[in-house]
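Reviewing the structure listed below.
The values are calculated or read from the model by the stated rules, or taken from the named source; none is laboratory data. Small disclaimer: the values here were computed from a predicted structure and weren't measured. Cβ: placed from backbone, ideal geometry, glycine included. Neighbour counts: every protein chain shown. What goes into the accessible areas is simple: the full protein's heavy atoms, side chains included, and nothing from ligands, DNA or RNA. Shrake-Rupley method; radii C 1.70, N 1.55, O 1.52, S 1.80 Å.
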Amino acid sequence: NEALQAIRKGDREQATRKMDLLRETSNNPLFTELIMGQLHLAGQEPDLSEESYREALASDPGNLTALLGLLQVSIAAGNSGQARSVLQDLRAMNLPSNNIAMAEANIVAAEGDLSSATAMIETLLEQNPDNPVMLLRLMELAAQQQDEETYVRWLNRLRDIEEPGPRGRWIIANALVSANQPEEARDVLWPLLIRQPGNLPVLRLAMQINIM
């Protein structure tokens with residue numbers, strides 16, 4: 001948490017010290033590298049994030065969290081070739097077809113074909129009408145295409161989910177932050193922060209909207 005706070009403050013030196021300390025004192029190197037991968041990605045350091053995820057995969061080649069992290073890093077870095085290679089590894093793990101299809105849509109979007117990516121996710125949404133991950137991604141794609149009407153439509157669909165669950169609540173809060181509605185985002189996120197005070201993505205978002 002201290003490393004993440006330093007990252008958010010832009011204090012790279014302090015963040016590096018905290019991360020080094022985490023590595024030195026951890027008795028679970030695999031878990032540490034997974035956390036480091038997330039922290040570096042949050043700090044917009046894709047090269048260091050990839051290094052951490054590859055360290056994790058070196059000790060546990062089939063680690064799902066590390067593979068998903070590496071996929072996220074590859075997409076963020078615009079390395080679609082590497083992303084597709086990681087996707088092949090994920091296909092071999094017999095993950096749910098929706099997860100694979102969403103990953104492929106994100107790669108297509110990273111390659112610049114936003115219309116095709118949107119169509120792929122809309123097809124998935126027909127079978128999963130209240131899926132917050134899909135709705136948020138469609139909202140993001142609409143924003144990238146400067147389609148305000150569609151953006152608002154997806155945002156409202158997210159708001160209308162009656163029982164989003166913890167993951168859905170976090171996603172809806174993210175959507176509200178993206179829509180520049182921090183007050184409503186705080187109302188959505190606060191109960192989740194109380195229930196999961198050690199959840200890293202929740203803490204990251206909470207600091208972004210000044211709950212903490």
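Taking region 77-91 on its own, how many of its residues are at pLDDT 90 or above, out of contact with any Ser or Thr (no Cβ under 9 Å at 6 or more places or on another chain) and either charged (D, E, K, R) or open to solvent by 50 Å² or more (accessible area, probe 1.4 Å) (or both)? The number of residues fulfilling the criteria is 4. So is A103 open to solvent by less than 60 Å² (accessible area, probe 1.4 Å) and in contact (Cβ under 8 Å) with a residue 24 or more places away in the chain or not? Yes; evaluated as a whole, the condition is true for this residue. For region 125-134, the condition of being over 18 Å from the mean Cα position of the chain (by Cα), under 30 Å from G62 (Cα atoms) and open to solvent by less than 60 Å² (accessible area, probe 1.4 Å) holds for at least one residue. Taken over region 46-61, the criterion of being open to solvent by 50 Å² or more (accessible area, probe 1.4 Å), assigned to a helix (DSSP H, G or I) and either over 20 Å from N79 (Cα atoms) or touching a His at 6+ places or on another chain (Cβ under 6 Å) (or both) is satisfied by L48, A58, S59.
Can you tell me which residue among R167, R204 is within 21 Å of G37 (Cα to Cα), open to solvent by 70 Å² or more (accessible area, probe 1.4 Å), of a type outside the set (F, W, Y) and in a helix (DSSP H, G or I)? Give the derivation first.
Values: R204 fails: open to solvent by 70 Å² or more (accessible area, probe 1.4 Å).
One residue alone meets the criteria, R167.
Condition test on I211, is it in a helix (DSSP H, G or I) and either out of contact with any Cys (no Cβ under 7 Å at 6 or more places or on another chain) or at pLDDT 90 or above (or both)? Quick ask: steps written out before the conclusion?
Numbers: in a helix (DSSP H, G or I): no; either out of contact with any Cys (no Cβ under 7 Å at 6 or more places or on another chain) or at pLDDT 90 or above (or both): yes.
So I211 does not fit the description; no.
Candidates in region 108-120 are the residues that are of a type outside the set (G, A, S) and modelled with pLDDT of 95 or more; of these, the one that is surrounded by the fewest Cβ atoms within 10 Å (Cβ to Cβ) is D113. For first residues located in region 118-144 and in a helix (DSSP H, G or I), partners that are among the aromatic types (F, W, Y) and lie 6+ apart or on another chain with Cβ distances below 7 Å form the pairs L135/W154; L138/W154; M139/Y151; M139/W154; A142/Y151; A142/W154; A143/Y151. It is to be established whether one or more residues within region 173-195 are more than 21 Å from A105 (Cα to Cα), in a helix (DSSP H, G or I) and among the polar types (S, T, N, Q). No, that holds for no residue.
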